[in-house]
Amino acid sequence: MGFSLTHLGPLAVSLALSDGVAYAYLDALWITLTTGALLWWTSRHTRRELKVRDGFLVTVLLWAVMSLFGAVPLYVAHAGWNSFIDALFESTSGLTTTGTTVIASGLDLLPPSINYYRVQLHWLGGMGIIVLAVAVMPMLGVGGMQLYRAETPGPVKTDKLTPRIAETARILWTVYLALTLAAAAAYRLSGMSSFDAICHAMSTIATGGFSTHDASIGHYQSPLLEWVVMVFMLLGTVNFAVHFTVWRDRNPVRYLRDAEVRTCLLIIAAFALAVCLPLIASGLYADTGTAIRKGLFHVISYGTTSGFATADPTHWPAYLPVALMLSGFVIGCAGSTSGGVKVMRVLLFAKQAARELRRLVHPRSPSPITVDGRRIPDEVVYAVGGFFSVYIACTLVLTCMIIATGLDPLTAFSAVAATLNNMGPGLGEVNAAMHTVSPTGKGILIAAMLLGRLEIFSVLVLFTPMFWRR
C-alpha cells in the first residue's frame, strides 16, 4: 500500500509536463493499492514477532513483488515496453539498481515522467525500500532487525549505527537524501538541466545507471561533468555507515581511516593503471588527458556498478573490455548501494590466503585476522570463502543457461556479470541494452538481478528443505 503512493511522484511530473501518460500511474496506483489493501485486510488481526526465517522470506518477497508491481506503469504506458517481460525486466533492473535496459534507442524521446519513474525505481531500490520497511515495520508491531540482517548479509550484517533499528533507518535515509541533493546541485552547476540533474543524481547515488539519454553521460560532452560524476559514483559506493561517521565527526579523514575504503581506492588505482596505460598506447583518443579521463571514468562506473558511460568500451583494444567487467565484481563496498562481492569480502579473502601461506611456514603461530584493529571471527572468514565459491558457481551456471538461449559465450558472460553484479552494461550486443536477449534469457537475467541484489544466500536459503521445516 505504501509502495502505491510512490506513483504520485511521476504522476505529478506527467501532469506538470503534460506528457500524456498520467493514466499509466493512476492505473498502477489503484492496482497496487487495492492489492495491498486486500492483503492487509486478510491479516489485520495477526500480531507476532518475525523470526529470522520470516525475515529472509519477507525480504525476498519484498523485492520480487515490488519489481512485479513496479512494471505496471511501464507496461500500461506502452512507451517502449511492449511485453510484460520487458516491463518486468526494466522494473527489476531499476529496483535492484542494475541499470541495464531493454530499450535499444529512444530514451531521449520517452515521456519525461517515464524517465523520472525509472530513476525513482533506482532511488527507492538503492536504499529507500528496505530503509522504509525497517523503519516502519517495527511501528506496526513486527520486528525490523531480521529484515536488516537479511538485506545486508556478510561480515557487517549485525552492525548497527545506533541501538535502535528505527533510528538507524532514519540516519541512513538522511545520509542518502543529503548525498542525492548534493549530487543534483553539483550536476546543475556543471551544465545539466534541472530535470536531468535530479534524475542523474538519483541514479548516481543509487549506483544504478539509468539515464535520460541514449548516450548516457556522453550526451553532454563535458569533461567537467564527467569528473563530477566520478566523485559522486565513488561516494555512492562507500559504506553509508562511514558517511555517517564522517558527518557526525565533521572529519573527512575518517574515509581514509576505514580499511575497506582504502582497499577500494587501491583496487580502483590498480584497474585504472591496467586500463589507462594500454588506452594511451593505442592512440584511440587524440590526447593523453582524454584517454585517462575516459579510462578512469569507465573503471569507476563499471567498478562501482553505476553503469554510466561516455564511450563504448566494447571496441577498446586487448583485454580492456573484460577488465572492466571484472572490476564490477570487486570494487563495491559493503553497506553501500553497489553490487558485486564487496571489497570487505575481497579484503578478508586476501587476508585468509596470506594467513594460510604463513601457516605453511609457521604452523603453530597464532594468526588472527583483523580489520581496523578489530579481530574477525574465523567463522566469518570461512563464510566469506563459501560465499566466493557460491558466487562463482552461480556465475558459471547462469552463463551456461544464457549461452543455451543463443548468445555467444563472451556476450553471455558479460550479460550475467552485468546483472548478477547489478552493474548494468555488458559487452558486444548487450553493451547498451538487452533488447536482443530472448524472453527466456530475460527471465534468467531477472533472477540474476534479484540474486545479486540480495547477495545470493538470502535467496538460495529459501530453496533448502531445512528452511521449511518447523
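The values are calculated or read from the model by the stated rules, or taken from the named source; none is laboratory data. Given the structure is predicted, the values throughout are model-derived calculations rather than measurements. Please note: Cβ atoms are built from the backbone with ideal geometry, for glycine as well, and neighbour counts cover all protein chains shown.
Inside region 170-213, residues that are under 17 Å from V231 (Cα atoms), β-branched (V, I, T) and either outside any loop (DSSP other than H, G, I, E, B) or in contact with a Pro (Cβ under 9 Å, 6 or more places away or on another chain) (or both) make up a count of 5. Taking the criterion of being small (G, A, S) and in contact (Cβ under 8 Å) with a residue 24 or more places away in the chain, the residues of region 31-77 that qualify are G36, A37, G55, A64, S67, G70, A77. Filtered by the rule that a residue be buried (at least 16 other Cβ atoms within 10 Å of the Cβ), closer than 28 Å to S113 by Cβ and either over 29 Å from the mean Cα position of the chain (by Cα) or among the charged types (D, E, K, R) (or both), region 26-63 gives a lone residue, D27. Applying the set (1) modelled with pLDDT under 95; (2) in contact with a helix residue (DSSP H, G or I) (Cβ under 9 Å, 6 or more places away or on another chain); (3) of a type in the set (A, V, I, L, M, F, W, C) to L109 leaves exactly one unmet item: (2). Somewhere in region 200-219, is a residue in contact (Cβ under 8 Å) with a residue 60 or more places away in the chain, buried (at least 18 other Cβ atoms within 10 Å of the Cβ) and over 24 Å from G80 (Cβ atoms)? Within region 200-219, one or more residues are in contact (Cβ under 8 Å) with a residue 60 or more places away in the chain, buried (at least 18 other Cβ atoms within 10 Å of the Cβ) and over 24 Å from G80 (Cβ atoms).
Six or more apart or on different chains, Cβ atoms under 9 Å: show the pairs whose first residue is in region 240-253 and free of Cβ contacts under 8 Å to residues at least 12 places away in the same chain and farther than 17 Å from C333 by Cα and whose second is part of a helix (DSSP H, G or I) and of a type in the set (S, T, N, Q). Sorted first by the residue in region 240-253, then by its partner, the pairs are N251/T245.
Can you find a residue in region 454-464 that is part of a helix (DSSP H, G or I), within 18 Å of the chain's Cα centre (by Cα), surrounded by 14 or more Cβ atoms within 10 Å (Cβ to Cβ) and modelled with pLDDT of 90 or more? No, region 454-464 contains no residue that is part of a helix (DSSP H, G or I), within 18 Å of the chain's Cα centre (by Cα), surrounded by 14 or more Cβ atoms within 10 Å (Cβ to Cβ) and modelled with pLDDT of 90 or more. Checked against the criteria, T97 counts as under 24 Å from L445 (Cα atoms), buried (at least 23 other Cβ atoms within 10 Å of the Cβ), of a type outside the set (A, V, I, L, M) and under 24 Å from the mean Cα position of the chain (by Cα). The set of residues in region 404-427 that are surrounded by fewer than 18 Cβ atoms within 10 Å (Cβ to Cβ) and outside any loop (DSSP other than H, G, I, E, B) comprises A404, P409, L410. Looking only at residues in region 330-389 that are over 25 Å from G209 (Cβ atoms), touching a Ser or Thr at 6+ places or on another chain (Cβ under 8 Å) and touching a residue at least 40 places away in the same chain (Cβ under 8 Å), the one that is surrounded by the most Cβ atoms within 10 Å (Cβ to Cβ) is L347.
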